[in-house]
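K.L.:
First, the structure itself, so that you have it in front of you.
What follows draws every value from the coordinates through simple rules; no lab data is involved. Note that the structure is predicted; figures quoted are calculated from it, not measured. Heads up, the Cβs are rebuilt from the backbone with ideal geometry, glycines too, and the neighbour counts pull from every protein chain shown.
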Amino acid sequence: MLYYFFVTVVLAVWVWVDGRRRRCSEAPGLAFLTVFLPILSMPIHFAIRPLRAGEVREGGYSWNVCKNIALAWTACVALVAVWCLVSSLVAPASRLDETVTTDTQRLEGAVEVIVGLRVLFWLWLGPVIVITVIGWLLKTPSIIETGPTGALANQTPQPKPLPEKPTVPPVIQDHSPPSVIVDCPTCGSRYEVPPDMEGQPVNCRKCGELLAARRDARA
Ligand SMILES: [Zn+2]
């Protein structure tokens, strides 16, 4: 019982901090509920918390709550299973001398653990199937939330960094005739290129248009 509250208080603090950062108005209430019923409050928190930029949430509120309950229940049962296994491995060793004396009794102990895990398995699978089916029925595939949403969307967006100015390569000043020039019809730029480029297909330095370099008629 003490362990239970230790875990839930940690989770509650996380919900509170996460909700505060996301400016979720429901966070204090949900954090409080987390101390007692994390299996309900955590799924609601994940279903309603404002999304940050880049985060996506699909299917609507009901689906998300159901899906998260299934996940939370899975985590919960997994914890219990690990706990049972660990305690069944550790605890019998301590009382081995007193109670478990024969091989038959040890076998019975092992069977008990296996039966317990099977019960746990059905305890896990049943609710997961039920909640997933309910969630699937309530799912609205058309709802796709993309962050930022809610209070996070109202924040003044960070000014985008200005795109770097493209560095214009220095024009090669080769005054020795004959000069070969590129005269781009697309962007109107005109510049010299090395003489051996004459007649070669080149990409315009400014706009990237594919052209043929030619001898300057005016030269
Ligand atoms: Zn051009």
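K.L.:
Fewest Cβ neighbours within 10 Å first, please rank Cys204, Cys76 accordingly.
P.N.:
Cys76, Cys204
K.L.:
Still on this structure, please answer the following. Measuring from a point 7 Å past the Cα of Ile39 along Cα-to-C-beta, which residues in the range 53-80 have an amide N at less than 15 Å?
P.N.:
Residues 66-80 qualify, since their backbone N sits under 15 Å from the label point.
K.L.:
Could you give the spread of the C-alpha atoms of the range 2-154 along their three principal axes, from largest to smallest, in whole angstroms?
P.N.:
Projected onto the principal axes, the Cα atoms of the range 2-154 cover 69, 32, 24 Å.
K.L.:
Provide the gained length on full extension for the span Leu137 to Cys207, in nm with one decimal, where the gain is 0.36 nm per separating residue minus the Cα-Cα distance.
P.N.:
Values: separation 70, 0.36 × 70 = 25.20 nm, distance 5.34 nm.
Answer, rounded to one decimal: 19.9 nm.
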